[in-house]
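A.B. asks: Encoded as structure tokens, here's the structure I'll be asking about.
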Amino acid sequence: MTGPTHHVLSLLIFGPLAAAAVAAVIKRENLLRWWTLAATTLLAGYSLTLYWNFEPGTHLFQFKEDARWIPALHIHYRLGLDGISLLLVLLTTLIMPLCVLASWRYIQARVREFMICLLIMETAMIGVFCALDFILFFVFWEAMLIPMALLIGVWGGPRRVYAALKFFIYTMGGSVFLLVAIIALYTQRHTFYIPDLMGQPYSGAFQYWVFLAFFISFAIKVPMFPFHTWLPAAHVEAPTAGSVLLASVLLKMGAYGFLRFSLPITPEATRFFTPYVLCLSVVAILYGGLTALAQTDLKKLVAYSSVAHMGFATLGIFALNQIGVEGALLVMINHGVTTGALFIVVGIIYERLHTRDLSLASGLGKAMPVFAAFAGVFALSSLAFPGTNSFIGEFLVMSGGFAVSKPMMVCVVPGVVLAAAYMLRMLQKVAYGGTHNPDHSQVKDLCGREVLALAPLLVFVFWIGLHPEPFTRVMHASVQHVLEQSGVKSATGTSAPLRAQAPGDAFTAARKPPL
Amino acid sequence: MPASTLTAFLPELVLLAGALALFTTALGRSRVRQARTLALLTSFAAILAAALCLGQRTTLFNTAYCVDLFSQVLKLVFACAFALILLLSGSLEDIRPDVKPEYYFFLTVSVCGLTMLVSCVDIITLVVALEASAFPLYLMVPMRYERPGQRSQMESAVKYIMFGVAANGIMLFGLSYLFGLTGTTSLPSLLPRLQPVIHSPAAIAGLALTFCGLFYKLAVFPFHFWTPDVYQGAANETAGLVASLPKLGAVAVLVRFVSLASPDNPALAVLLAILAAGSMFYGNLIALVQKDFKRLLGFSGIAHAGYALIGFVALDDLGYSAALYYIVGYLLMVLACFVVICKVSRDGSNVAIEELAGLHRRAPLLAVTLAVGVFALAGVPPFVGFMGKLSLLTAALHRGHLALVIIALVNSAIAIYYYLCVVREAWFRDPGSLPPIRLNWPTRALCILLIGGILALGVAPGRFLDALSTSVAQMHAAPPAGAPALSGK
């Protein structure tokens, strides 16, 4: 996949930046919206060629690009995709036009700056998933902070300044540790090239420190249980598009970091710390569910449900077996689809009623039947109803988890029930309400634009739910390779994931004491 | 010989000629406009001359003055920064009208001194150049409008000169040790003679005392006491100058001097590491509570001096070029902040951080400049502050200074908070009753130049870093008089 014609990834990364440069000189607001929509849609369409040309049989990086960037520091401009990052890149490109659609009417002030921020975000997000040089990765990772903080801080709700600062400080505080780890790795191998850093015989203590540095940074980004407090604030204050991007893409980066870096670079430490991370994941599932149940603000409810869902993702990753990791990847994609959609749904309510309070936004089903149908499907998807996407993901994760520890999974089961409880509670209130609902007879149902913003996500809810094979197919080889690098023998064969039997060898490997 | 001497010395000559012309302009009736035009022309001519002489290699004045790639690159940087400072100072709103031409004259002399400083390889010329660059600044600090009831500019000028002279004294004392140990004032011959005794207490004390004078310029803790007061007391334009150019000069001289300490000098490395850590903690922690933007920049400047010192702790070429790269980047970042201060300030008074409120509505370009400058100072990619820190930390970790690297990163985490407070005011607050700010085209050009510079040095520093590292390597690889090479152990 090398050759002069293959600059697909560079085009995808710098396309949005070029579009932002054009947007900077467009004066009329409507033209700006159309331009951004056209640009992001075009990029989304173009990104599909990645899927067609992707070779699923290999774990090697594809669409590779390599150019010297800063020779004095041995930093290269290196890009590549494998089965782990492919779907995340596609998720990013596909969610962008929907973000633009969701902000069509919501954003009325400073439209140009808003669209530029969105496009810069897209550049940085795709860059994070494609970068194969650690410094390049870090640059994209951090470059996201400024536009995201601006999205929250300029276009956000009443407590936007607090939320933006909290988001920035938390993430930046975490990335400081990431930078230490990166430089420490560099001094060991004298390269920033990520594949060359994987599977090297680092000493045990070195691995532990690097793992912990990675862990703090990624756990904040996920966010995992004690590091999650920035998330509700950021989600609640962010404009709809900001919430969608946060939920769909930004939260994935922490989990992606675990999978891409922690497992293959520090395998010994990973196996040592696995029980602790699993515990935190279970706590996140239960805690997120319980807190979501107590919320009256719709956005907060969805935000805490994110904490629980991402608990499933980290649980699957640190199950350290093929089923678990593939399930985790699928949970990440599903969460991007479903929670993104739920944030758009909440945004639609807010645009009409200017409130997100569950008691004021109740009984909308009568006035907005189409909307209620959409909301219902996404809520069901969020609680992992069979036939929807989340069911497959969580099922795989739990199968992987059972292979590791049955008592732990028994603890997770209430989390699944909690998800049903808080989602159905929300659905019941929003769609039907009580006997004394506020008068919503003047409220209009969804317009074509809003249907267009939700429909693609609906398609994916059912597509992944009923026929996940096209999505899992591309992961097998890469996931297997990651597990091999982390010193765990993978489940036999590449078609294992849907055969949800607990693979015994993965079980023993994961339980093996370190060193 | 005279012709080649002339070309090798051209940037300095241009600056001297400009200073002389300014001197005559300053005589008699105050002619501010002519002085300003003259100073700008001098700066452009200096850029041109420095660019033309980039390839010159020679020694002048009985080996007291070395023209090499190192000095020529830095001369170009100084000339460019001179032009930026002139654009920044605009019409010198806060300087008394009767001394404005003199202000330009002193500015030019100071830049000329700095330009000579980077070429000096003899202790005597070095001290002379150092004074030539410093004394005009002592005079420029008090040249501010007197506000009723406060004469803070006088107070800060006195502080500046007192500390400056004391630091110079200490430095001369240290130099006397070095001279006493080696019997020479020329750095190239000092180097081999110092090698046998480098680990003796006298040599370490001599070097350390010598560094004190430079640390004062760089505002390293505990030689920093003048910094916040001078920043606050001096006019905004003057503070911008004091904050930027002399620091680059100090780092350049440090690079020449630190090479005297052989690559393995644990005592010196520990000393430098302690100073670096102290500077970072002191500057960042005190900056957290500042309300005045200039004082905040003063304390952050102390912290950044600490970051730059990290490069010297490594005691190798990688570290020196990283420190140079970082300080050149710092020059751009801090100038970006000072542009905002100069333009936001009403009738030249100091700017409280609250006065930045709603800048993104009052002057979008200024707000972007401020955001770029402040985020770069905070070390956020893709700006130069990040790449600079990365190269510094890589160099330090290369030599095993893990603790220092962690301290530096903890500090950049602390620093984020106060930088964010600045951004919060400018971007997330409503302007209230604060008026919009109109920018003239030189200011717009300056803003775009600074943003472009900060981005370009951060995203594509390849060639600049290469030039710096080859120049440092050349300087250290080929010391005359058969000195042992420094690159190996």
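The values are calculated or read from the model by the stated rules, or taken from the named source; none is laboratory data. Everything numeric here is computed off the predicted structure, so don't read it as measured data. Using ideal geometry, Cβ is built from the backbone for each residue, glycine included, and neighbour counts are taken over all protein chains shown.
A.B. asks: Quick one: which of A:VAL277, A:VAL249, A:VAL283 is part of a helix (DSSP H, G or I) and buried (at least 24 other Cβ atoms within 10 Å of the Cβ)? Can you show your working first?
C.D. replies: Details: A:VAL277 fails: buried (at least 24 other Cβ atoms within 10 Å of the Cβ); A:VAL283 fails: buried (at least 24 other Cβ atoms within 10 Å of the Cβ).
After applying the criteria, what remains is A:VAL249.
A.B. asks: Another question, if that's okay. What pairs can you find where one residue is in region A:55-78 and over 10 Å from A:PHE192 (Cβ atoms), the other is among the charged types (D, E, K, R) and in a strand (DSSP E or B), and their Cβ atoms are less than 6 Å apart, with a gap of 6+ or different chains?
C.D. replies: As it stands, the answer is A:ASP66/A:ARG78, since those pairs meet every condition given.
A.B. asks: How many residues does region A:245-278 hold that are of a type in the set (A, V, I, L, M), under 21 Å from A:ILE126 (Cα atoms) and in contact with a Pro (Cβ under 9 Å, 6 or more places away or on another chain)?
C.D. replies: Keep residues of region A:245-278 that are of a type in the set (A, V, I, L, M), which gives A:245-247, A:249-251, A:253, A:255, A:259, A:263, A:265, A:269, A:277-278.
Imposing the further condition that a residue be under 21 Å from A:ILE126 (Cα atoms) reduces the set to A:245-247, A:249-251, A:253, A:255, A:259.
Remaining after also requiring in contact with a Pro (Cβ under 9 Å, 6 or more places away or on another chain): A:251.
Summing the residues that are of a type in the set (A, V, I, L, M), under 21 Å from A:ILE126 (Cα atoms) and in contact with a Pro (Cβ under 9 Å, 6 or more places away or on another chain) in region A:245-278 gives 1.
A.B. asks: While we're here: Need the failing condition index for B:MET143 against (1) over 25 Å from B:SER119 (Cα atoms); (2) modelled with pLDDT of 85 or more, just the number.
C.D. replies: Unmet condition: (2).
A.B. asks: Now a separate question. Go through region A:350-362 and report how many residues are within 15 Å of A:GLN428 (Cβ to Cβ) and either in contact with a strand residue (DSSP E or B) (Cβ under 8 Å, 6 or more places away or on another chain) or surrounded by 21 or more Cβ atoms within 10 Å (Cβ to Cβ) (or both).
C.D. replies: Qualifying residue count for the region: 2.
A.B. asks: Further, regarding this structure: In region A:136-160, what residues are aromatic (Phe, Trp, Tyr) and facing chain B (nearest Cβ under 9 Å)? Working first, answer last.
C.D. replies: Of region A:136-160, the ones aromatic (Phe, Trp, Tyr) are A:137-138, A:140-141, A:155.
Answer for region A:136-160, where residues must be aromatic (Phe, Trp, Tyr) and facing chain B (nearest Cβ under 9 Å): A:PHE138, A:PHE140, A:TRP141.
A.B. asks: Evaluate the following for A:GLY15: is it assigned to a helix (DSSP H, G or I), modelled with pLDDT of 85 or more and surrounded by 14 or more Cβ atoms within 10 Å (Cβ to Cβ)? Working first, answer last.
C.D. replies: Working: assigned to a helix (DSSP H, G or I): yes; modelled with pLDDT of 85 or more: yes; surrounded by 14 or more Cβ atoms within 10 Å (Cβ to Cβ): yes.
Yes, satisfied.
A.B. asks: So which residues in region B:386-431 are more than 7 Å from every other protein chain (Cβ to nearest Cβ), touching a residue at least 24 places away in the same chain (Cβ under 8 Å) and among the β-branched types (Val, Ile, Thr), if there are any at all?
C.D. replies: B:ILE407, B:ILE414, B:VAL422, B:VAL423
A.B. asks: Still on this structure, please answer the following. Output the number of residues of region B:358-385 satisfying the condition of being in a loop (DSSP other than H, G, I, E, B), without any contact (Cβ under 8 Å) to a residue 60 or more places away in the chain and out of contact with any Lys or Arg (no Cβ under 6 Å at 6 or more places or on another chain).
C.D. replies: Of the residues in region B:358-385, 1 are in a loop (DSSP other than H, G, I, E, B), without any contact (Cβ under 8 Å) to a residue 60 or more places away in the chain and out of contact with any Lys or Arg (no Cβ under 6 Å at 6 or more places or on another chain).
A.B. asks: Residues in region B:92-111: is at least one of a type in the set (Lys, Arg) and crowded, with 23+ Cβ neighbours inside 10 Å? Give the derivation first.
C.D. replies: Step one: list which residues in region B:92-111 are of a type in the set (Lys, Arg), which gives B:96, B:100.
Still in the running and crowded, with 23+ Cβ neighbours inside 10 Å: none.
No, region B:92-111 has no match at all.
A.B. asks: Take region B:227-258 and flag every residue that is among the aromatic types (Phe, Trp, Tyr) and surrounded by fewer than 24 Cβ atoms within 10 Å (Cβ to Cβ).
C.D. replies: Keep residues of region B:227-258 that are among the aromatic types (Phe, Trp, Tyr), which gives B:231, B:257.
B:PHE257, the sole residue that qualifies.
A.B. asks: Cβ contacts < 6 Å: first residue in contact (Cβ under 8 Å) with a residue 40 or more places away in the chain, restricted to region A:207-234; second residue buried (at least 24 other Cβ atoms within 10 Å of the Cβ) and outside any helix (DSSP H, G or I), any location; separation 6+ or different chain. Result?
C.D. replies: That search, which allows pairs on different chains as well, returns A:GLN207/A:THR266; A:VAL210/A:THR266; A:PHE211/A:THR266; A:LEU231/A:PRO223.
A.B. asks: So A:LYS221 fits all but one of (1) closer than 23 Å to A:GLY288 by Cβ; (2) within 14 Å of chain B (Cβ to nearest Cβ); (3) crowded, with 24+ Cβ neighbours inside 10 Å; what number is the exception?
C.D. replies: (2)
A.B. asks: Kindly indicate which of A:THR36, A:THR49 is more than 14 Å from every other protein chain (Cβ to nearest Cβ) and crowded, with 18+ Cβ neighbours inside 10 Å.
C.D. replies: Values: A:THR49 fails: crowded, with 18+ Cβ neighbours inside 10 Å.
The match here is A:THR36.
Residues are listed down the side, and each one gets a yes or a no for (1) part of a helix (DSSP H, G or I); (2) within 20 Å of B:LEU297 (Cα to Cα); (3) modelled with pLDDT of 85 or more:
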residue: B:GLY388; (1), (2), (3): yes, yes, yes
residue: B:ASN411; (1), (2), (3): yes, yes, yes
residue: B:ILE416; (1), (2), (3): yes, yes, yes
residue: B:ASP430; (1), (2), (3): no, no, no
residue: B:ILE451; (1), (2), (3): yes, yes, yes
residue: B:GLY458; (1), (2), (3): yes, no, yes
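A.B. asks: When residues of region A:69-95 are filtered for being more than 27 Å from A:ALA19 (Cβ to Cβ) and within 14 Å of chain B (Cβ to nearest Cβ), how many remain?
C.D. replies: 4
A.B. asks: Which condition number in (1) over 20 Å from the mean Cα position of the chain (by Cα); (2) modelled with pLDDT of 90 or more; (3) not hydroxyl-bearing (Ser, Thr, Tyr) is the one that A:GLY153 fails?
C.D. replies: The one condition A:GLY153 does not meet is (2).
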